[in-house]
Structures are given as structure tokens and as C-alpha cells.
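Shown next, in C-alpha cells, is the structure this report addresses.
The values are calculated or read from the model by the stated rules, or taken from the named source; none is laboratory data. This one's a predicted model, so the numbers in the text were calculated from it and none came from an experiment. Cβ coordinates were reconstructed from backbone atoms using ideal geometry, including for glycine residues, and neighbour counts include every protein chain displayed. Accessible surface is based on the protein model in full, side chains and every heavy atom, while ligands, DNA and RNA are left aside. Shrake-Rupley method; radii C 1.70, N 1.55, O 1.52, S 1.80 Å.
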Amino acid sequence: MSERKGETVERRPGAARYEWDDFRLDMDAYRLERRGEMLAVEPKALDLLALLVSEPGHLFTKQEIFDRVWPGTAVTDHALTRVVAQLRRILGDDSREPRYIETVPTRGYRWLRPVTLARVAGAPSPSSVPRAPGPAEDPPRGEGGADKAAAAPGIPQGLARPGRWNAWALGLASVLLALFAAGFWTSHTESRATTGGAVEGPGPSAAWRDVAWPVQVTTHDGLDLHPALSPRGDALAFASDRSGSIEIYVRPLADAAVDRMLTSDGGHNLQPAWSPDGTQLAYHSTVKGGIWVVPAHGGVPRQIAVEGANPAWSPDGRLIAFQSDEYADVTPSAFGAQNGSTLWIVGANGTNLRPVTRAGNPIGGHAAPAWSPDGNHIAFTVADGGRNNGVWMVSLRTGDVAALVNRRGLYEVAFAPDGSALYAAGGEAIVHRLPLDAERGRLAGPIETIPIPGVPGVRGLSVSADGRRLAFAGLALSSQIWSQPIKADGSPAGPPRALTTDTSRRNSAAVVSPDGRRIAYMSTRRGEPPNVWVMDIDGANRVQVTSNETSDGTPSWFPDSRRVAYFTNRNESDGLWSVDVTTRREEPLIDFSQSVRARLTGATPYEFELSPSMASAVVAVASPPEGRRALFVSPLATFTPERLTDPAYWIGYPAWSPDERQIAAELKDGSSTHLVVVDARTGEHRQITRERGQTWVRSWSPDGKNVAVAALRDGTWSLRWVEVATGRQGTITPPVPPHVYLRYPEWSPRNDVVVFERGELRGNIWTLPLH
């Protein structure tokens with residue numbers, strides 16, 4: 001039958017099946033399988049995949065794709081990049097080192113992998129399926145790529161969906177599509193929106209489990225988080241802000257049970273963990289610091305470690321493992337820990353403290369320990385470690401450390417009671433099941449993805465003793481850009497107000513133009529990576545100025561107030577680009593190629609800050625062997641970075657002074673961070689703040705006398721200015737409730753406002769049947 005663009009096409013019973021690696025694309029059944037298991041793919045993504053594999057090596061231009069996948073429909077580049085990103089997640093592909101889908105900058109996409117055409121009886125015989133080009137070959141060219149694709153078996157020109165799915169499949173697809181719309185972006189922005197550094201591959205993926213609806217356990221209109229199911233299965237411990245402070249509560253799981261407040265000291269107490277016999281609970285105190293233990297039926301808490309968080313009991317109840325970094329971030333996608341955090345073990349009586357992991361093995365923040373049921377291993381997560389991010393395992397017998405999966409966005413793990421699997425989560429509405437070889441501490445099969453409908457994000461996992469239930473916190477974040485009017489001295493001149501009020505996943509990293517008239521910021525919508533937006537200083541006229549399938553973020557204004565520079569990993573490599581906010585014209589500035597990385601002495605770049613004149617740049621890198629951050633500076637025109645700060649100190653998150661003679665930065669000391677000021681020529685640094693907690697550096701006042709910071713003190717965030725000469729501090733915004741955070745205070749060049757990110761987190765405890 002003839003087929004014309006835009007028509008609904010009835011598929012033939014003899015349509016093609018394309019096979020590569022472990023995958024099979026069956027266009028007759030209209031499904032993608034891996035190892036025989038159906039994968040959840042939204043229809044447009046399946047249509048695009050069918051088009052690409054129909055002719056490996058052929059460059060499909062964006063216009064060809066629009067005509068074939070979205071016939072007769074007006075579509076933006078943004079829709080295409082979102083679908084490509086979804087395919088990469090499902091296939092386990094990496095845009096920087098693609099195995100399957102190659103991005104050809106400004107042109108389109110090309111399928112790289114050789115494909116076998118497995119024909120079904122009655123299917124017409126194809127002339128050939130081109131092989132993917134080798135490294136030294138040009139891709140196939142020639143006689144009308146679009147016509148060739150249209151003639152390939154099973155790929156009609158309209159790519160219309162068949163009406164072949166049964167009711168079960170359609171129901172599952174509806175739920176999964178809703179979940180994708182709710183935010184299945186696994187390569188998401190980390191909590192402190194860094195410029196990127198290395199981007200980890202997604203790791204092995206596998207089939208999706210049938211959808212099961214979770215059950216809501218708590219209904220507090222605030223923040224409930226960190227659930228822990230008791231060993232006997234008769235109670236649930238969790239943290240909640242319902243009293244005004246975050247405290248530990250215990251709820252019996254019988255009908256009509258009443259929550260019992262276990263702690264009441266105003267300590268912002270978090271992360272409860274039951275002892276194996278159910279008689280005690282360990283937890284972390286944000287205000288008092290460290291690890292504490294309290295009788296499960298009430299009593300006087302006692303401190304067993306002066307610093308640390310995320311306690312986990314050994315199976316015999318004699319020891320407690322924990323991470324050295326303390327809890328600082330409530331966002332669903334928050335790091336478990338920053339680079340430098342390590343794992344420790346202490347006796348349940350507070351004696352015999354000893355390290356389990358050491359900094360640099362692996363590079364990154366070691367967090368969220370979970371003890372294997374046999375007591376021989378501790379699983380943990382790594383964040384802020386570039387390509388090391390993911391789930392790791394340490395043997396307590398040999399001390400050997402090995403990666404289970406390198407995938408960013410996995411921040412917490414929980415063992416199945418029989419040790420056959422680990423469950424992992426990181427803020428998305430999904431949980432990953434990692435099958436384990438318990439004896440060797442290795443993966444025993446492909447990772448299973450469990451969709452969690454009805455909640456925006458999942459954190460804080462706990463598996464019941466019988467392995468039949470999973471408890472978690474279902475979290476929702478409202479992240480907006482706010483503006484605080486200020487007086488000449490930086491103190492508030494009136495109440496703050498929201499500049500954005502949308503439902504984006506996160507709005508962050510705002511910067512004010514040199515003329516004080518506009519704001520550039522990074523916004524992440526659900527289902528897509530971050531992009532750069534611009535709005536007027538009063539919040540009007542919001543416009544998206546970049547659209548990319550990988551992250552565009554950390555904007556900086558040029559002195560002309562017309563162009564914005566931003567960090568991106570488009571074109572399969574990290575780099576710095578610029579965009580004209582009026583014409584939307586984009587151009588590359590710096591490509592972080594291997595040669596540039598070599599100048600960084602093998603270190604991984606993280607934060608990147610341009611000087612106000614755009615003459616110089618400072619980049620914070622994780623320096624081997626332990627991964628401490630150090631600052632490098634360079635002229636922007638040539639970009640020949642030279643080390644500025646001593647790598648013996650952890651110094652990162654830089655901010656140039658207005659005269660470009662100094663750089664404000666963060667010094668990490670133990671679990672706390674402090675403001676330091678670095679001489680931009682000599683690298684000598686001077687520590688300004690010394691309080692316990694977090695001091696997250698952002699910007700300078702226009703006169704260069706003060707630095708604006710986000711400060712975490714006693715479990716609550718506020719915005720402060722710090723006088724560089726004296727260390728004197730003042731309030732920009734007062735402390736907020738414990739379920740609210742403040743970030744990125746950006747001082748306007750006009751000295752009239754400070755713009756910042758304000759995030760409000762709400763959540764409840766849920767359970768999910770596992771069998």
C-alpha cells in the first residue's frame with residue numbers, strides 16, 4: 001500500500017525485528033525488549049528508535065526526524081532532545097561516549113551500532129541493512145536517506161502507532177507515561193548545581209517491574225522522612241517536623257495507632273536506625289552533631305560519635321557504621337556527602353572508633369552505609385566523585401573496595417533481608433533493585449527498575465524483615481527564585497518575594513546582569529535536563545534561551561549584559577558556551593578536551609567561575625589522590641590553567657571579587673565548610689568564618705567589602721553577609737523552617753536586591769509491596 005506523510009499506517013504482520021547487543025526492536029509487536037523483557041518506552045521514543053536503526057550510519061537531520069516522527073505537527077528542538085535523552089537512558093548510552101546514538105552538532109543524529117534484521121515470516125525482503133561506519137570511515141551517504149528509511153521493513157513514513165497493545169499493556173503504558181511526565185530524568189542536576197565535571201554512564205539497565213501502587217502511611221502537611229521499619233515488623237520510626245523541630249517519632253503499625261514522639265530536644269534529629277533486637281534506635285542530631293542512641297521505648301539519648309550521620313547497625317548489634325559528613329541538604333536530589341567524606345565504625349557503646357574507607361578510594365563522598373545481612377560487607381554510595389558516583393561495596397574481611405554500578409543519582413541503599421539484592425534510590429520516582437552475589441559482593445544480574453507512581457520523588461529506603469515491604473519517603477520540592485530588597489549595608493529593606501512560581505523541578509543558580517536589569521538562571525523541568533532561562537529583575541518576561549539534551553547550567557553574564565556564558569556537555573564533551581539572549585545565537589567558547597584536562601594534571605573539573613570582565617576564569621577541580629578540591633586560574637582567551645591553591649586544603653566553589661584581585665571560596669574542614677578569601681595572584685588564603693555547620697559561598701557586594709553566603713546553623717538555613725576584613729556577619733534573610741532551604745545569594749550590581757533560590761520540601765512516609 002502507498003504511504004504518505006501524516007497518514008495513519010496499518011502495520012503488516014510481517015514487519016521487521018531489529019536486533020543489536022541484548023536488544024530487540026519488534027515493530028510488529030511495537031515493543032523494545034532486552035533479554036526478552038519488555039522495556040517501557042513512550043511511543044515517540046520508540047518511533048524515533050525505529051527510524052534510527054533502520055539505517056545505521058546515516059545522519060538523520062532534525063528536519064527529517066520531525067517530518068517522520070512528528071508528521072504534520074509543529075515541534076521544537078526541545079521535544080526531540082527530550083526523546084533522545086529518554087532513549088539514551090533506556091539503552092544505557094552516554095552522550096559523551098556514545099555506543100548507540102551519536103549527536104551531530106546542529107545537524108541531527110546517527111545510529112552507530114551494527115544492527116541485524118531478524119525477519120518475520122511473510123515480511124518483504126530488504127535489500128540490505130548498512131553497517132555502522134568504522135573509526136576511519138565516512139558514514140554512508142547517498143540516494144535520499146529519508147526515502148531509504150521509509151522503504152525499510154516495518155518503518156512506514158508516518159511511523160503511526162499500531163492498535164496492537166492489549167488492555168494490560170495500555171494500562172501499564174499509561175502509568176509509565178505519567179511517571180515519565182512526573183520527572184524520570186535520571187541524569188538530573190545534583191543538589192548543589194555544579195558545572196558538571198565528568199558525567200557518569202548510566203550503568204547496566206534491565207526490565208521494568210510491573211507497577212504496584214504504594215500505600216501512604218503518614219499524612220502530615222509538612223515533612224516526614226527517613227523511615228525505618230522495626231526488625232519485628234510491628235513499628236515504623238521516622239523523622240518529622242510536625243513539632244516545629246525535626247524529631248524522631250515511632251508509629252506502631254497496628255490499626256488506629258498513634259505516633260509517639262521519641263526525641264524532643266529541638267535537635268533536628270534525623271535518620272533513625274533500629275538495633276537488630278528492636279530495643280534501641282540510633283540517629284543523627286543536626287544541632288548537637290554526631291551519632292546518638294536512644295531506647296526505642298523512650299529514655300535519655302547518649303552520644304556515641306561526635307561527628308557523622310547515617311547510622312547503620314551491624315547484624316549482631318555490636319557495631320554501628322556511619323559516614324563522616326553530617327547531614328546538610330534536604331533536597332530530594334541532594335548529595336549523600338561531599339568529596340572527602342569516609343565511612344567509620346564505632347561500638348554501640350561508643351568505643352573502638354575506626355575507619356572503614358579512606359579518602360580517595362574511591363574519589364568522592366562516601367555515604368549512606370548499609371550492612372550486609374551476613375556482616376561481611378558494607379554497601380555505600382559515592383557522590384561528588386565524577387565517574388565514581390554510584391553504589392560501592394567494601395569487604396570488612398579484606399578491606400577491598402569495588403564498584404557495583406557507576407551511575408549518578410543513587411544516594412541511598414538498603415539490603416534485602418536475605419542479601420540477594422540491594423535497593424537504591426536518589427530522588428526520582430523510581431527504585432532500582434540490584435541483584436547481588438552475596439558471597440563475592442558483586443552484581444549477579446541486570447538491574448531492575450521499579451516505578452513508584454503517585455509520588456514525585458523517593459528517598460530514605462527501609463526493607464521489612466520478611467522482605468515483603470519497602471518503606472520510603474515520598475518527597476515533593478517547590479524550588480523558586482526569590483528577591484530580597486536590601487539597604488546599603490546589606491540588611492533587609494522589606495519582605496522577600498518570589499520571582500518564579502512555576503512547577504519546574506528546580507529553579508536555581510540565578511545571576512544578575514551587570515546593568516542590574518535582568519536575571520539568568522538554571523531551570524530544570526520534569527523529564528528534561530537543566531537549561532538556561534532569562535527574566536527581568538522583577539520576574540517578568542521569562543524566556544528559555546538554551547535547549548539541549550544534556551545539561552546547560554551555571555550561567556554568567558558578559559559585561560555587555562546581552563550575552564550569557566554557561567557550562568554544558570553538548571557535542572559529546574564538556575565545554576563553555578555563550579548565548580545572545582536576544583537572538584538566541586549560541587557559540588562555543590572553551591572545549592574541555594583531553595588536552596585541556598591534561599593541563600589540570602589529571603584532575604576532574606567541577607565548579608567554573610568567570611571573572612566580571614570575562615578576562616579570566618577560575619575552576620575548582622578534584623585533585624588526586626584524595627580528591628580534594630583545588631583552584632586553577634587561567635586567562636579565558638587561551639585557557640592555560642595553572643594551579644592556584646595548595647591541594648592539601650579542600651577549597652572549592654569560587655567567586656571572583658569585583659576588582660578580580662580576590663576569590664571567595666569554601667574551605668571544607670571535616671564536615672563543616674567555611675568562607676576563605678584567596679589572593680588571585682599568589683594563591684594564599686585567609687579563613688574568615690569558623691562556626692560549625694555549612695557556609696556556602698556565592699557572591700560579593702558591589703563594593704567588594706562583603707560576601708553573601710547561605711549558612712546552615714543549628715539545622716536551619718539563612719542568608720548572611722560576611723565582612724571580609726573583619727569577619728563581622730549580618731542577616732540578609734532570617735533563618736527559615738527546617739523543611740526549607742536557601743541557596744545561591746546573588747548580590748545585584750545596583751546594591752538594591754539579593755536574588756536567591758528558596759526551596760520548600762514536603763513529604764510523607766509510604767510503603768510498597770515487593771512481592
Quiz item: Can you tell me which of D234, D265 is closer than 19 Å to I291 by Cβ, among the acidic types (D, E) and open to solvent by 60 Å² or more (accessible area, probe 1.4 Å)?
Solution: D265
Quiz item: Of all residues in the range 540-560, which are open to solvent by 10 Å² or more (accessible area, probe 1.4 Å), out of contact with any Lys or Arg (no Cβ under 8 Å at 6 or more places or on another chain) and not hydrophobic (A, V, I, L, M, F, W, C)?
Solution: N541, R542, Q544, S547, S551, T554, S556, P559, D560
Exercise. Scan the range 456-468 for residues that are surrounded by fewer than 19 Cβ atoms within 10 Å (Cβ to Cβ) and basic (K, R) and jot them down.
Key: R468
Quiz item: Which residues, counting only those in the range 552-572, are assigned to a loop (DSSP other than H, G, I, E, B), touching a Gly at 6+ places or on another chain (Cβ under 8 Å) and of a type in the set (F, W, Y)?
Solution: none
Self-check item: Options W650, W656; residue that is open to solvent by less than 20 Å² (accessible area, probe 1.4 Å) and closer than 23 Å to T604 by Cα
Solution: W650
Practice problem: Quick one: count up the residues across the range 502-532 that are in a loop (DSSP other than H, G, I, E, B) and modelled with pLDDT of 95 or more. | Solution: 5
Exercise. Give the range 533-551 a look and list any residue that's outside any strand (DSSP E or B), at pLDDT 95 or above and of a type in the set (V, I, T), or say none.
Key: I537
Self-check item: Options R358, R354, R318, R387; residue that is of a type outside the set (V, I, T), open to solvent by 10 Å² or more (accessible area, probe 1.4 Å) and under 29 Å from L475 (Cβ atoms)
Solution: R387
Practice problem: Please enumerate the residues belonging to the range 659-674 that are touching a Phe, Trp or Tyr at 6+ places or on another chain (Cβ under 8 Å), crowded, with 20+ Cβ neighbours inside 10 Å and more than 17 Å from L644 (Cβ to Cβ). | Solution: T673
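Residue by residue, here is whether (1) surrounded by fewer than 23 Cβ atoms within 10 Å (Cβ to Cβ); (2) closer than 16 Å to Y109 by Cβ; (3) out of contact with any helix residue (DSSP H, G or I) (no Cβ under 9 Å at 6 or more places or on another chain) holds:
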| position | (1), (2), (3) |
| --- | --- |
| A29 | yes, no, yes |
| R35 | yes, no, yes |
| P43 | yes, no, no |
| L52 | no, yes, no |
| L59 | yes, yes, no |
| R68 | no, yes, no |
| T73 | yes, no, no |
| L80 | yes, yes, no |
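Given the residues R397, R408, which is the only one that is part of a loop (DSSP other than H, G, I, E, B), farther than 26 Å from A473 by Cα and open to solvent by 30 Å² or more (accessible area, probe 1.4 Å)? Walk me through it before giving the result.
Values: R408 fails: farther than 26 Å from A473 by Cα.
Matching residue, one of R397, R408: R397.
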Quiz item: So G308 fits all but one of (1) at positive phi; (2) within 21 Å of the chain's Cα centre (by Cα); what number is the exception?
Solution: (2)
Quiz item: Counting only residues that are part of a loop (DSSP other than H, G, I, E, B) and open to solvent by less than 10 Å² (accessible area, probe 1.4 Å), which one in the range 606-628 is nearest to W577 (Cα to Cα)?
Solution: S611
Practice problem: Identify, by number, the condition in (1) of a type outside the set (K, R); (2) over 25 Å from I90 (Cβ atoms); (3) buried (at least 24 other Cβ atoms within 10 Å of the Cβ) that A424 doesn't meet. | Solution: (2)
Quiz prompt | Tabulated pairs, the range 240-267, first over 23 Å from V330 (Cα atoms), second open to solvent by 40 Å² or more (accessible area, probe 1.4 Å), C-beta under 6 angstrom, 6+ apart or interchain | solution = L253/D234; A257/R251
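For the range 672-721, which fully contained strands (runs of 3 or more DSSP E) count at least 2 residues that are within 27 Å of Q323 (Cα to Cα)? Steps first, please.
Values: elements: 672-679, 685-687, 694-700, 706-713.
Hits in the range 672-721: 672-679, 694-700, 706-713.
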Quiz prompt | Selected residue (only one of L39, L52, L117 is at pLDDT 90 or above, of a type outside the set (V, I, T) and over 24 Å from R584 (Cβ atoms)) | solution = L52
Quiz item: Which is farther than 30 Å from I450 by Cβ and within 28 Å of the chain's Cα centre (by Cα), of V41, V75?
Solution: V75
Quiz prompt | Filter result for the condition that a residue is open to solvent by 40 Å² or more (accessible area, probe 1.4 Å) and within 25 Å of D94 (Cα to Cα), over P435, P451, P446, P417 | solution = P446
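If you scan the range 449-468, which residues turn out to be part of a strand (DSSP E or B) and under 19 Å from the mean Cα position of the chain (by Cα)? First the steps, then the outcome.
Pass one, the range 449-468, residues part of a strand (DSSP E or B): 449-451, 457-463.
The answer is T449, I450, P451, G457, V458, R459, G460, L461.
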Self-check item: Hits in the range 268-285 - residues which are touching a residue at least 40 places away in the same chain (Cβ under 8 Å), of a type in the set (S, T, N, Q) and open to solvent by less than 10 Å² (accessible area, probe 1.4 Å)
Solution: S275
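Sort out which residues of the range 1-35 are over 37 Å from the mean Cα position of the chain (by Cα) and modelled with pLDDT of 50 or more, and write them in order of number. Don't jump to the end; show me each part of the working.
At the first step, the residues of the range 1-35 found to be over 37 Å from the mean Cα position of the chain (by Cα) are 1-16.
Selection gives A15, A16.
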Self-check item: Residues located in the range 454-486, provided they are touching a Phe, Trp or Tyr at 6+ places or on another chain (Cβ under 6 Å) and over 24 Å from G233 (Cα atoms)
Solution: I481, W482
Quiz item: What number of residues within the range 45-63 are closer than 22 Å to R99 by Cβ and in a helix (DSSP H, G or I)?
Solution: 10
Quiz item: Quick check: is even one residue across the range 461-477 under 30 Å from P658 (Cα atoms) and of a type in the set (V, I, T)?
Solution: no
Quiz item: Restricting the search to the range 469-516, which residues are farther than 25 Å from A655 by Cβ, open to solvent by less than 20 Å² (accessible area, probe 1.4 Å) and aliphatic (A, V, I, L, M)?
Solution: L470, A471, A473, L475
